[in-house]
Protein chains: 2
Amino acid sequence: MKPAEIAAILYDLGAIKFGDFTLSSGKHSPYYVDMRSVLGSPAPFRQVIGSLLDLAEEKIGLDSFDSIASVPTGGLVFASALAYESVKPLAYVRSSAKDHGTQRAVEGAASTGQRVLVVDDVATTGASVVHAVDALQKAGARVADALVVIDRLEGAAESLEKLGVRLCSVATIAELGTELHKQEKIDDATISAIRARTGTA
Amino acid sequence: MKPAEIAAILYDLGAIKFGDFTLSSGKHSPYYVDMRSVLGSPAPFRQVIGSLLDLAEEKIGLDSFDSIASVPTGGLVFASALAYESVKPLAYVRSSAKDHGTQRAVEGAASTGQRVLVVDDVATTGASVVHAVDALQKAGARVADALVVIDRLEGAAESLEKLGVRLCSVATIAELGTELHKQEKIDDATISAIRARTGTA
């Protein structure tokens, strides 16, 4: 699916919103991303999964990873459907030590030497994806690529690069903003705010 | 898929084991069920999803529910693939109040008046499924059916019946035991122990 289409779909669903949002950190952001609204709409959900699969084929190569892993809850919903569609084994990494107690940090297909593709819905600073990569590497798996639907361009790619992992996204928030600006769904001030925040031209 | 096939698949994967298991309650059980091992094997995972879909078609009717809901983490992985395959909206219920804080108890497609099918991997006493039904009903959704892969026959059907919800399973632990006994994968003493525990003839 082209960036113009995915931008329109996510905007129409309310999965991406533009305005003045106060984050939990107290900081303000000119955009808001919530991929949970995609789950409630089967056709867009399938289109997003299709885009992830296309990207995995074109940019990563379906033969270059043995299994797909994610972190509960949001990302795992997308990873599960992607694993189903691509006929790849699935694993998941528990979100934190307190959530697993005596349970394993990694469940499913991520044994020693396996090449694992990490999938998540949204990358912000990358904390969630970095946690997954770290747990998978400790379990002996090899991670070369991470795949997300939206990259908010807030440091995830840089944090992953330090772990030797490349981040691929269906679209960055800057690309989505540019498409929606072209489609006259957001105004000049909004696209300027997005570009200022993400450091994109 | 026939009970004989699903039994063989789950047994070969180690998703069901027979012996003497000590549960977290301290009680002993002659069987152990862990559907997470299915995630790591794409063909069996697809077969299980296919069985859930067949059951939803035959016993419940695909037109009799508007969306599919589950509870993280185990059940949601199956629900996500089932929603993807059946092109139904997906919702999930957070496992407990402490896990959601200021977040909503129900995320996704479960608004007032929607008819929701609750899906989980395993039903034991039914606590997890009952929690989901309760949260969905509080959100205004209608729940008539719950669908699980394995019913351990430990009270889930009775608890759900009190809420007006019918429980369907791909197989009960007693059915799986009977099939595996026929296939000579478990001995006479084991099938007797399963029947004694589940109160089945």
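The values are calculated or read from the model by the stated rules, or taken from the named source; none is laboratory data. The structure displayed is predicted, hence computed values, not measured ones. All Cβ positions, even for glycine, are placed from backbone atoms using ideal geometry, and neighbour counts span all protein chains on display. When the accessible area is computed, the model is the full protein with side chains, heavy atoms only, and any ligands, DNA or RNA have been set aside. Shrake-Rupley method; radii C 1.70, N 1.55, O 1.52, S 1.80 Å.
So how far, in whole Å, is the C-alpha centre of region B:17-95 from the one of region A:20-56?
With region B:17-95 and region A:20-56 each reduced to a Cα centre, they are spaced 25 Å.
Report the residue, chosen from A:SER25, A:SER70, A:SER169, that carries the largest GNM mean-square fluctuation when chain A is represented by alpha-carbon nodes joined by springs under 10 Å.
Taking springs between Cα atoms under 10 Å, the residue moving most is A:SER25.
Can you tell me the orientation of helix A:127-138 relative to chain A, as the angle in degrees between its alpha-carbon axis and the longest Cα principal axis, to the nearest 10?
Around 20 degrees separate the two axes.
Ratio of the protein assembly as shown's C-alpha Rg to 2.2 N^0.38 Å, to two decimals? List each step's numbers first, then the result.
Values: Rg = 21.9 Å, N = 402, 2.2 N^0.38 = 21.5 Å.
The reported ratio for this selection is 1.02.
For chain B, with only Lys/Arg (+1) and Asp/Glu (-1) charged at the beta-carbon, what is the dipole magnitude about the Cα centre, in debye rounded to 20? Walk me through the intermediate numbers first.
Values: 20 positive and 25 negative charges, 109 e Å.
Its charge dipole is roughly 520 debye.
By how many degrees, between 0 and 90 and to the nearest 10, does the Cα long axis of helix A:188-198 differ from the longest principal axis of chain A?
So the inclination is approximately 30 degrees.
For a quick check of your reading of the filter: which trypsin sites (Lys or Arg not before Pro) in region B:62-132 sit in a DSSP loop and have no more than 13 other Cβ atoms within 10 Å? Mind dumping the intermediate values first?
Numbers: sites: B:ARG94, B:LYS98, B:ARG104, B:ARG115; in loops: B:ARG94, B:ARG104.
Listed in order of number, the matching sites are B:ARG104.
If the label for B:SER111 sits 7 angstrom from Cα along the Cα-to-Cβ line, what are its distances to the same label in every other copy, in nm to one decimal, shortest first?
Spacings between copies for this position, smallest first, are 4.6 nm.
Run a plain Debye calculation on region A:59-135 (Cα atoms as equal point scatterers, no solvent) and give log10 I(q)/I(0) at q = 0.15, 0.22, 0.26 Å⁻¹, rounded to two decimals, same order as the q list.
Log10 of I(q)/I(0), two decimals: -0.47, -1.01, -1.33.
Please identify every one of the GluC sites (Glu not before Pro) in region B:95-201 that sits in a loop by DSSP and has no more than 15 other beta carbons within 10 Å of its own beta carbon. Write out the running numbers ahead of the final one.
Values: sites: B:GLU107, B:GLU154, B:GLU158, B:GLU161, B:GLU175, B:GLU179, B:GLU184; in loops: B:GLU154, B:GLU184.
Hits after loop and neighbour filter: B:GLU184.
Give me the percent of accessible area attributable to carbon and sulfur for region B:81-201, probe 1.4 angstrom. Working shown, then result.
Details: 2640 of 5250 Å².
Roughly 50 percent, rounded to a whole number.
From Cα pairs below 8 angstrom and at least 6 apart in sequence, can you work out the relative contact order of region A:72-183, rounded to a whole percent? Provide the component values of the computation, followed by the final result.
Values: 186 pairs, mean separation 24.3, N = 112.
Answer for region A:72-183 is 22 percent.
With the dipole of region B:41-178 worked out from charges on the C-beta (+1 for Lys and Arg, -1 for Asp and Glu) around the Cα centre, which of B:SER51, B:PRO72, B:THR125 lies farthest toward the positive end?
My answer, from the dipole projection, is B:PRO72.
Ordered shortest first, which distances in nm separate the 7 Å Cα→C-beta label point of B:GLY26 from those of the other copies?
Between copies, matching label points for B:GLY26 lie 4.8 nm apart.
From Cα pairs below 8 angstrom and at least 6 apart in sequence, can you work out the relative contact order of chain B, rounded to a whole percent?
19 percent
On a 0 to 90° scale, report how tilted helix A:42-55 is relative to the longest principal axis of chain A, with both axes built from alpha carbons and the result rounded to the nearest 10.
70 degrees
Considering only protein heavy atoms, what is the solvent-accessible area of B:ASP66 at a probe of 1.4 Å, reported in Å² to the nearest 10?
My reading of the accessible area for B:ASP66 is about 50 Å².
Springs between alpha-carbon atoms under 10 Å, Gaussian network over chain B: tell me which of B:ALA105, B:ALA146, B:ALA132 tops the mean-square fluctuations.
Highest fluctuation of the listed residues: B:ALA105.
Using a 7 Å offset from Cα along the direction of the beta-carbon, what are the separations from A:ALA189 to the same position in each other copy, nm, ascending?
Here the equivalent label points are 7.9 nm apart from this one.
Which three extents, in whole angstrom, do the alpha-carbon atoms of region A:41-178 cover along their principal axes, largest first?
45, 31, 28
Considering chain B as a Gaussian network with a 10 Å cut-off on Cα pairs, which listed residue, B:SER86, B:SER29, B:SER51, attains the greatest mean-square fluctuation?
Most flexible of the set in this elastic network: B:SER29.
Any idea what the alpha-carbon Rg over 2.2 N^0.38 Å comes to for region B:8-121? Please list the in-between numbers first.
Details: Rg = 16.1 Å, N = 114, 2.2 N^0.38 = 13.3 Å.
For region B:8-121, the normalised Cα radius of gyration is 1.21.
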